[in-house]
Amino acid sequence: MTRRLKTENRKGKLFTCSLSFVFCYLFSVICFLSSVFCYAADTSEYVNKGWVLKGEKKYQEVYATVDACISEFSTEANRLSQTLTDYPTKGEENNYKIMNDVATCYFIKGETLREEGKTEEAKNAFQTIVDKYPYAQAFDPRGWYWSLSDTAKKAIGQIIGKGIIEKNVIEKEIRVNIHDIGTEFPINYEKYGKFENVGTKDYKYQITNPIGLANAVGEGIFPNSNSVKFDPQFIKVKKSLSKIDHWKVLNSRDMRTAFYKWTIAPEPGGVKLFYIADILERSGYLEQAIKAYYAILVHYPQSYGWTYWHTPWYIGKAALYRIKYLLNENPKLNLKFEGAAIEIVNGYDNDIRNDVFIVNPG
(Lines give C-alpha, C1' and ligand atoms only; values in the text may rest on other atoms or scores of the structure.)
Protein backbone atom coordinates (compact mmCIF):
# COMPACT_ATOMS: atom_id res chain seq x y z
CA MET A 1 0.00 0.00 0.00
CA THR A 2 2.78 2.30 0.87
CA ARG A 3 4.42 1.75 -2.47
CA ARG A 4 1.17 2.48 -4.31
CA LEU A 5 0.62 5.71 -2.37
CA LYS A 6 4.07 6.89 -3.30
CA THR A 7 3.38 6.10 -6.91
CA GLU A 8 0.13 7.98 -6.86
CA ASN A 9 1.78 10.85 -5.05
CA ARG A 10 4.52 10.92 -7.63
CA LYS A 11 1.95 10.95 -10.39
CA GLY A 12 0.19 13.76 -8.64
CA LYS A 13 3.37 15.79 -8.62
CA LEU A 14 3.98 15.08 -12.26
CA PHE A 15 0.42 16.08 -13.10
CA THR A 16 0.82 19.31 -11.15
CA CYS A 17 4.07 20.07 -12.85
CA SER A 18 2.53 19.33 -16.24
CA LEU A 19 -0.32 21.74 -15.56
CA SER A 20 2.15 24.40 -14.48
CA PHE A 21 4.19 23.88 -17.62
CA VAL A 22 1.13 24.06 -19.84
CA PHE A 23 -0.10 27.15 -18.06
CA CYS A 24 3.27 28.85 -18.35
CA TYR A 25 3.53 27.88 -21.99
CA LEU A 26 0.04 29.15 -22.83
CA PHE A 27 0.68 32.33 -20.90
CA SER A 28 3.90 32.98 -22.82
CA VAL A 29 2.12 32.32 -26.12
CA ILE A 30 -0.69 34.69 -25.17
CA CYS A 31 1.80 37.37 -24.19
CA PHE A 32 3.63 36.96 -27.48
CA LEU A 33 0.43 37.13 -29.50
CA SER A 34 -0.66 40.13 -27.49
CA SER A 35 2.55 41.94 -28.34
CA VAL A 36 2.00 41.25 -32.03
CA PHE A 37 -1.75 41.44 -32.43
CA CYS A 38 -3.62 42.50 -29.34
CA TYR A 39 -1.92 45.86 -28.94
CA ALA A 40 -4.14 47.14 -31.70
CA ALA A 41 -7.13 49.04 -30.38
CA ASP A 42 -8.04 49.69 -34.00
CA THR A 43 -6.57 49.43 -37.49
CA SER A 44 -4.50 52.59 -37.08
CA GLU A 45 -2.48 50.92 -34.33
CA TYR A 46 -1.45 48.20 -36.77
CA VAL A 47 -0.44 50.85 -39.30
CA ASN A 48 1.60 52.82 -36.78
CA LYS A 49 3.33 49.71 -35.50
CA GLY A 50 3.98 48.48 -39.02
CA TRP A 51 5.76 51.67 -40.05
CA VAL A 52 7.87 51.64 -36.88
CA LEU A 53 8.90 48.02 -37.33
CA LYS A 54 9.73 48.60 -40.98
CA GLY A 55 11.95 51.52 -39.99
CA GLU A 56 13.70 49.25 -37.51
CA LYS A 57 14.05 46.58 -40.25
CA LYS A 58 12.29 43.97 -38.12
CA TYR A 59 10.85 42.41 -41.22
CA GLN A 60 9.24 39.28 -39.74
CA GLU A 61 7.46 41.38 -37.14
CA VAL A 62 6.30 43.72 -39.91
CA TYR A 63 4.68 40.81 -41.75
CA ALA A 64 3.06 39.47 -38.57
CA THR A 65 1.62 42.90 -37.77
CA VAL A 66 0.25 43.88 -41.17
CA ASP A 67 -1.03 40.37 -41.93
CA ALA A 68 -2.94 40.43 -38.64
CA CYS A 69 -4.65 43.66 -39.68
CA ILE A 70 -5.41 42.34 -43.16
CA SER A 71 -6.80 39.08 -41.80
CA GLU A 72 -9.05 40.77 -39.27
CA PHE A 73 -10.32 43.74 -41.24
CA SER A 74 -10.10 42.97 -44.97
CA THR A 75 -13.74 41.88 -45.22
CA GLU A 76 -14.95 45.26 -43.98
CA ALA A 77 -12.30 47.06 -46.03
CA ASN A 78 -13.50 45.29 -49.18
CA ARG A 79 -17.11 46.23 -48.41
CA LEU A 80 -16.20 49.89 -47.96
CA SER A 81 -14.16 49.92 -51.17
CA GLN A 82 -17.08 48.60 -53.18
CA THR A 83 -19.21 51.58 -52.12
CA LEU A 84 -16.84 54.09 -53.78
CA THR A 85 -16.59 55.29 -57.36
CA ASP A 86 -14.19 58.14 -56.50
CA TYR A 87 -12.12 59.40 -53.59
CA PRO A 88 -14.20 60.40 -50.56
CA THR A 89 -14.92 64.11 -50.26
CA LYS A 90 -12.95 66.07 -47.69
CA GLY A 91 -14.26 65.49 -44.21
CA GLU A 92 -15.54 61.99 -44.97
CA GLU A 93 -12.16 60.24 -45.04
CA ASN A 94 -12.58 58.90 -41.52
CA ASN A 95 -15.66 56.95 -42.64
CA TYR A 96 -13.27 54.80 -44.71
CA LYS A 97 -10.51 54.48 -42.13
CA ILE A 98 -10.59 50.68 -42.05
CA MET A 99 -10.23 50.52 -45.83
CA ASN A 100 -7.42 53.08 -45.81
CA ASP A 101 -5.55 51.28 -43.05
CA VAL A 102 -5.85 47.83 -44.61
CA ALA A 103 -4.57 49.23 -47.91
CA THR A 104 -1.75 50.95 -46.03
CA CYS A 105 -0.83 47.62 -44.44
CA TYR A 106 -0.57 46.11 -47.93
CA PHE A 107 1.62 49.07 -48.91
CA ILE A 108 3.89 48.60 -45.88
CA LYS A 109 4.12 44.90 -46.73
CA GLY A 110 4.99 45.66 -50.35
CA GLU A 111 7.69 48.13 -49.38
CA THR A 112 9.16 45.67 -46.86
CA LEU A 113 9.18 42.83 -49.37
CA ARG A 114 10.87 45.08 -51.89
CA GLU A 115 13.55 45.99 -49.34
CA GLU A 116 14.20 42.28 -48.84
CA GLY A 117 14.53 41.75 -52.58
CA LYS A 118 11.32 39.73 -52.85
CA THR A 119 10.15 41.70 -55.86
CA GLU A 120 7.48 39.31 -57.16
CA GLU A 121 5.77 39.14 -53.77
CA ALA A 122 6.12 42.91 -53.43
CA LYS A 123 4.48 43.41 -56.81
CA ASN A 124 1.58 41.22 -55.73
CA ALA A 125 1.07 43.25 -52.56
CA PHE A 126 1.05 46.53 -54.51
CA GLN A 127 -1.26 45.06 -57.15
CA THR A 128 -3.75 44.12 -54.43
CA ILE A 129 -4.06 47.81 -53.56
CA VAL A 130 -4.62 48.73 -57.20
CA ASP A 131 -7.23 46.01 -57.71
CA LYS A 132 -9.12 46.08 -54.42
CA TYR A 133 -8.64 49.58 -53.01
CA PRO A 134 -8.34 52.06 -55.91
CA TYR A 135 -9.62 54.97 -53.77
CA ALA A 136 -7.71 54.23 -50.58
CA GLN A 137 -5.63 57.05 -49.15
CA ALA A 138 -2.91 57.35 -46.54
CA PHE A 139 -2.55 60.38 -44.32
CA ASP A 140 0.58 62.52 -44.30
CA PRO A 141 1.15 64.05 -40.84
CA ARG A 142 1.69 67.42 -42.50
CA GLY A 143 -2.02 67.45 -43.17
CA TRP A 144 -2.94 65.87 -46.48
CA TYR A 145 -3.86 62.53 -48.01
CA TRP A 146 -2.00 60.72 -50.78
CA SER A 147 -3.29 58.02 -53.09
CA LEU A 148 -2.10 54.54 -52.17
CA SER A 149 -3.22 53.15 -55.51
CA ASP A 150 -1.29 55.68 -57.59
CA THR A 151 1.83 55.20 -55.48
CA ALA A 152 1.46 51.41 -55.71
CA LYS A 153 1.28 51.68 -59.51
CA LYS A 154 4.51 53.65 -59.54
CA ALA A 155 6.15 51.01 -57.34
CA ILE A 156 5.01 48.24 -59.70
CA GLY A 157 6.38 50.21 -62.63
CA GLN A 158 9.75 50.51 -60.91
CA ILE A 159 9.80 46.78 -60.13
CA ILE A 160 9.07 45.66 -63.69
CA GLY A 161 11.36 48.31 -65.14
CA LYS A 162 8.77 49.99 -67.31
CA GLY A 163 8.08 53.13 -65.33
CA ILE A 164 4.40 53.64 -64.74
CA ILE A 165 2.22 50.80 -65.94
CA GLU A 166 -0.66 53.05 -66.90
CA LYS A 167 -0.16 55.98 -69.21
CA ASN A 168 -2.58 58.19 -67.33
CA VAL A 169 -1.25 57.60 -63.83
CA ILE A 170 1.13 60.55 -63.96
CA GLU A 171 0.18 63.77 -65.64
CA LYS A 172 2.71 66.15 -67.04
CA GLU A 173 4.24 68.19 -64.24
CA ILE A 174 3.17 71.83 -64.41
CA ARG A 175 5.04 74.17 -62.10
CA VAL A 176 4.05 77.57 -60.81
CA ASN A 177 5.25 80.56 -62.79
CA ILE A 178 5.01 83.44 -60.33
CA HIS A 179 3.96 86.76 -61.83
CA ASP A 180 4.91 88.88 -58.78
CA ILE A 181 7.79 87.63 -56.60
CA GLY A 182 7.85 90.77 -54.44
CA THR A 183 10.57 93.32 -53.87
CA GLU A 184 12.51 91.83 -50.93
CA PHE A 185 14.17 88.67 -49.75
CA PRO A 186 14.42 88.19 -46.89
CA ILE A 187 11.71 90.50 -45.61
CA ASN A 188 12.67 93.17 -43.08
CA TYR A 189 9.41 93.04 -41.14
CA GLU A 190 10.46 95.88 -38.85
CA LYS A 191 10.02 98.26 -41.80
CA TYR A 192 6.35 97.35 -42.08
CA GLY A 193 5.19 96.80 -38.52
CA LYS A 194 6.01 96.20 -34.87
CA PHE A 195 6.92 93.02 -33.04
CA GLU A 196 5.38 93.00 -29.59
CA ASN A 197 6.10 90.77 -26.58
CA VAL A 198 8.56 88.54 -28.44
CA GLY A 199 9.35 85.39 -26.51
CA THR A 200 6.17 85.48 -24.44
CA LYS A 201 2.64 84.09 -24.63
CA ASP A 202 1.42 87.56 -25.65
CA TYR A 203 3.47 87.75 -28.85
CA LYS A 204 1.95 89.50 -31.85
CA TYR A 205 3.03 91.39 -34.94
CA GLN A 206 1.19 94.61 -35.70
CA ILE A 207 1.28 95.68 -39.37
CA THR A 208 1.68 99.42 -39.83
CA ASN A 209 2.37 99.49 -43.58
CA PRO A 210 0.25 96.75 -45.22
CA ILE A 211 0.78 98.02 -48.77
CA GLY A 212 4.55 98.08 -48.38
CA LEU A 213 4.58 94.60 -46.85
CA ALA A 214 2.31 93.22 -49.58
CA ASN A 215 4.64 94.59 -52.24
CA ALA A 216 7.65 93.09 -50.47
CA VAL A 217 6.34 89.52 -50.03
CA GLY A 218 4.79 89.05 -53.46
CA GLU A 219 1.93 87.05 -54.87
CA GLY A 220 -0.04 84.69 -52.65
CA ILE A 221 1.84 85.45 -49.43
CA PHE A 222 0.01 87.24 -46.62
CA PRO A 223 -0.98 90.07 -46.69
CA ASN A 224 -0.72 90.16 -50.49
CA SER A 225 -4.08 88.96 -51.76
CA ASN A 226 -4.32 91.25 -54.80
CA SER A 227 -1.33 90.46 -57.03
CA VAL A 228 -2.72 87.09 -58.03
CA LYS A 229 -5.80 88.80 -59.51
CA PHE A 230 -3.55 90.41 -62.11
CA ASP A 231 -1.54 87.28 -62.86
CA PRO A 232 -2.21 86.38 -66.55
CA GLN A 233 -2.22 82.63 -65.77
CA PHE A 234 -4.68 83.11 -62.92
CA ILE A 235 -6.99 85.08 -65.20
CA LYS A 236 -6.97 82.17 -67.68
CA VAL A 237 -8.00 79.54 -65.14
CA LYS A 238 -10.08 81.69 -62.80
CA LYS A 239 -13.47 80.46 -64.03
CA SER A 240 -12.54 76.80 -63.72
CA LEU A 241 -11.19 77.06 -60.16
CA SER A 242 -14.64 76.94 -58.57
CA LYS A 243 -15.04 73.36 -59.81
CA ILE A 244 -11.75 72.17 -58.30
CA ASP A 245 -11.39 70.70 -54.81
CA HIS A 246 -8.39 72.43 -53.23
CA TRP A 247 -7.47 69.33 -51.22
CA LYS A 248 -7.55 66.99 -54.19
CA VAL A 249 -5.49 69.28 -56.42
CA LEU A 250 -2.92 69.87 -53.67
CA ASN A 251 -0.85 66.76 -54.37
CA SER A 252 -1.37 66.69 -58.12
CA ARG A 253 1.44 67.43 -60.52
CA ASP A 254 -0.43 70.50 -61.71
CA MET A 255 1.17 72.75 -59.13
CA ARG A 256 0.19 75.87 -61.02
CA THR A 257 -3.52 75.19 -60.66
CA ALA A 258 -2.96 74.09 -57.05
CA PHE A 259 -1.24 77.39 -56.28
CA TYR A 260 -4.01 79.52 -57.74
CA LYS A 261 -6.70 77.44 -56.04
CA TRP A 262 -5.01 77.69 -52.67
CA THR A 263 -4.69 81.49 -52.88
CA ILE A 264 -8.50 81.59 -52.73
CA ALA A 265 -9.10 78.45 -50.64
CA PRO A 266 -11.55 78.84 -47.72
CA GLU A 267 -9.04 77.73 -45.08
CA PRO A 268 -7.55 79.48 -42.03
CA GLY A 269 -4.64 81.81 -42.79
CA GLY A 270 -1.91 79.60 -41.36
CA VAL A 271 -3.17 76.48 -43.11
CA LYS A 272 -3.45 78.31 -46.42
CA LEU A 273 0.05 79.80 -46.12
CA PHE A 274 1.63 76.44 -45.31
CA TYR A 275 0.30 74.74 -48.40
CA ILE A 276 1.08 77.72 -50.61
CA ALA A 277 4.63 77.54 -49.28
CA ASP A 278 4.75 73.81 -49.95
CA ILE A 279 3.60 74.29 -53.56
CA LEU A 280 6.17 77.04 -54.07
CA GLU A 281 8.88 74.80 -52.62
CA ARG A 282 7.99 71.92 -54.95
CA SER A 283 7.96 74.33 -57.89
CA GLY A 284 11.53 75.45 -57.17
CA TYR A 285 10.68 78.90 -55.79
CA LEU A 286 12.76 78.43 -52.65
CA GLU A 287 12.97 82.10 -51.71
CA GLN A 288 9.21 82.55 -52.08
CA ALA A 289 8.63 79.35 -50.12
CA ILE A 290 10.83 80.55 -47.27
CA LYS A 291 8.99 83.89 -47.25
CA ALA A 292 5.67 82.06 -47.02
CA TYR A 293 6.84 79.71 -44.25
CA TYR A 294 8.28 82.64 -42.32
CA ALA A 295 5.04 84.61 -42.73
CA ILE A 296 3.40 81.83 -40.70
CA LEU A 297 5.81 82.42 -37.82
CA VAL A 298 5.17 86.16 -37.96
CA HIS A 299 1.40 86.23 -38.45
CA TYR A 300 0.02 82.78 -37.54
CA PRO A 301 2.39 81.05 -35.08
CA GLN A 302 -0.54 79.58 -33.15
CA SER A 303 -2.21 77.98 -36.16
CA TYR A 304 -2.95 74.28 -36.18
CA GLY A 305 -4.55 71.55 -38.23
CA TRP A 306 -5.70 68.02 -37.42
CA THR A 307 -4.10 64.71 -38.26
CA TYR A 308 -5.93 61.60 -39.44
CA TRP A 309 -6.10 60.45 -35.81
CA HIS A 310 -7.54 63.81 -34.76
CA THR A 311 -4.46 64.94 -32.91
CA PRO A 312 -3.23 68.55 -33.26
CA TRP A 313 -0.71 69.35 -35.96
CA TYR A 314 1.04 72.62 -35.06
CA ILE A 315 1.66 74.49 -38.28
CA GLY A 316 3.97 77.13 -36.81
CA LYS A 317 6.43 74.49 -35.62
CA ALA A 318 6.19 72.67 -38.95
CA ALA A 319 6.97 75.90 -40.82
CA LEU A 320 9.95 76.55 -38.55
CA TYR A 321 11.40 73.12 -39.32
CA ARG A 322 10.83 73.62 -43.05
CA ILE A 323 12.77 76.88 -43.02
CA LYS A 324 15.69 75.27 -41.19
CA TYR A 325 15.69 72.39 -43.63
CA LEU A 326 15.64 74.60 -46.73
CA LEU A 327 18.45 76.81 -45.44
CA ASN A 328 20.59 73.81 -44.48
CA GLU A 329 20.05 72.19 -47.88
CA ASN A 330 20.65 75.41 -49.82
CA PRO A 331 23.76 77.13 -48.44
CA LYS A 332 23.93 79.22 -51.64
CA LEU A 333 21.15 81.35 -50.15
CA ASN A 334 23.74 82.51 -47.61
CA LEU A 335 21.19 82.92 -44.82
CA LYS A 336 21.10 81.94 -41.17
CA PHE A 337 17.97 81.40 -39.15
CA GLU A 338 18.60 82.36 -35.54
CA GLY A 339 16.53 82.79 -32.40
CA ALA A 340 13.29 81.29 -33.69
CA ALA A 341 11.35 79.15 -31.24
CA ILE A 342 7.76 78.16 -30.60
CA GLU A 343 7.10 76.53 -27.25
CA ILE A 344 3.66 75.03 -26.75
CA VAL A 345 2.79 74.66 -23.09
CA ASN A 346 0.35 71.73 -22.65
CA GLY A 347 1.05 70.69 -26.23
CA TYR A 348 1.57 67.10 -25.10
CA ASP A 349 -2.18 66.45 -24.92
CA ASN A 350 -4.86 66.66 -27.61
CA ASP A 351 -6.81 69.52 -26.03
CA ILE A 352 -5.96 72.69 -27.95
CA ARG A 353 -8.03 74.79 -25.55
CA ASN A 354 -5.35 74.66 -22.88
CA ASP A 355 -2.42 75.33 -25.23
CA VAL A 356 -0.23 78.33 -24.48
CA PHE A 357 2.14 79.50 -27.23
CA ILE A 358 5.41 81.20 -26.39
CA VAL A 359 6.66 82.66 -29.65
CA ASN A 360 9.86 84.12 -30.99
CA PRO A 361 9.80 84.26 -34.81
CA GLY A 362 13.58 84.75 -34.96
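The values are calculated or read from the model by the stated rules, or taken from the named source; none is laboratory data. Values in this document were obtained by computation on a predicted structure and should not be read as measured data. Backbone-built Cβ (ideal geometry, glycine too); neighbour counts: all protein chains shown. Surface accessibility is based on the protein's heavy atoms, side chains included, excluding ligands, DNA and RNA. Shrake-Rupley method; radii C 1.70, N 1.55, O 1.52, S 1.80 Å.
Between N330 and S71, what length in nm is gained on full extension when 0.36 nm per residue of separation is reduced by their alpha carbon distance?
Working it through step by step, the gained length comes to 88.6 nm.
Looking at the square roots a ≥ b ≥ c of the eigenvalues of the Cα gyration tensor of segment 221-362, which shape do they give, rounded for a/c under 1.5, prolate if a/b is larger than b/c, or oblate?
oblate
Quick one: putting +1 on the C-beta of Lys and Arg, -1 on the C-beta of Asp and Glu, what dipole do you get for segment 257-330 around its Cα centre, in Debye to the nearest 20?
80 debye
Taking Cα pairs under 8 Å and at least six residues apart, what relative contact order does segment 195-305 come out at, in percent?
21 percent
For L335, L320, give me the order by solvent-accessible area with a 1.4 Å probe, most accessible first, ignoring ligands, DNA and RNA.
L335, L320
Rank these by accessible area, largest first, 1.4 Å probe: Y304, Y133, Y321.
Accessible-area ranking of Y304, Y133, Y321, largest first: Y321, Y304, Y133.
As an exercise, use a Förster radius of 22 Å and the Cβ-Cβ distance of S252 and T85 to find the FRET efficiency, rounded to the nearest 0.05.
My answer for the efficiency is 0.70.
Determine the dipole magnitude for segment 291-362: charges of +1 sit on the beta-carbon of Lys and Arg, -1 on that of Asp and Glu, nothing else is charged, the reference point is the Cα centre, and the result goes in debye to the nearest 20.
That gives segment 291-362 a dipole magnitude of about 380 debye.
Given 0.36 nm per residue, what is the gain on full extension from F195 to I352 after removing their alpha carbon distance, in nm?
Gain on stretching F195 to I352: 54.1 nm.
Report relative contact order for segment 225-362 in percent, whole number only (criteria: Cα-Cα under 8 Å, sequence separation at least 6).
15 percent
Please report the accessible area of V228 (heavy atoms, 1.4 Å probe, ligands and nucleic acids excluded) in Å², nearest 10.
V228 has an accessible surface of roughly 10 Å² with all protein chains in place.
If each residue of separation counts as 0.36 nm, what is the full-extension length gain between D140 and E93 once their alpha-carbon separation is subtracted?
Fully extending the segment from D140 to E93 adds 15.6 nm.
What does the accessible area of D202 come to, in Å² to the nearest 10, when a probe of 1.4 Å is used?
Approximately 80 Å² of D202 is accessible to the 1.4 Å probe.
Give me the accessible area per residue for segment 36-120, probe 1.4 Å, as a whole number in Å².
49 Å²
Probe 1.4 Å, all protein chains in place: accessible area of I244 in Å², nearest 10?
I244 exposes around 50 Å² with every protein chain in place.
Going from most exposed to least, what order do T75, T43, T83 have by accessible area with a 1.4 Å probe?
Ranked from most to least accessible, the order is T75, T83, T43.
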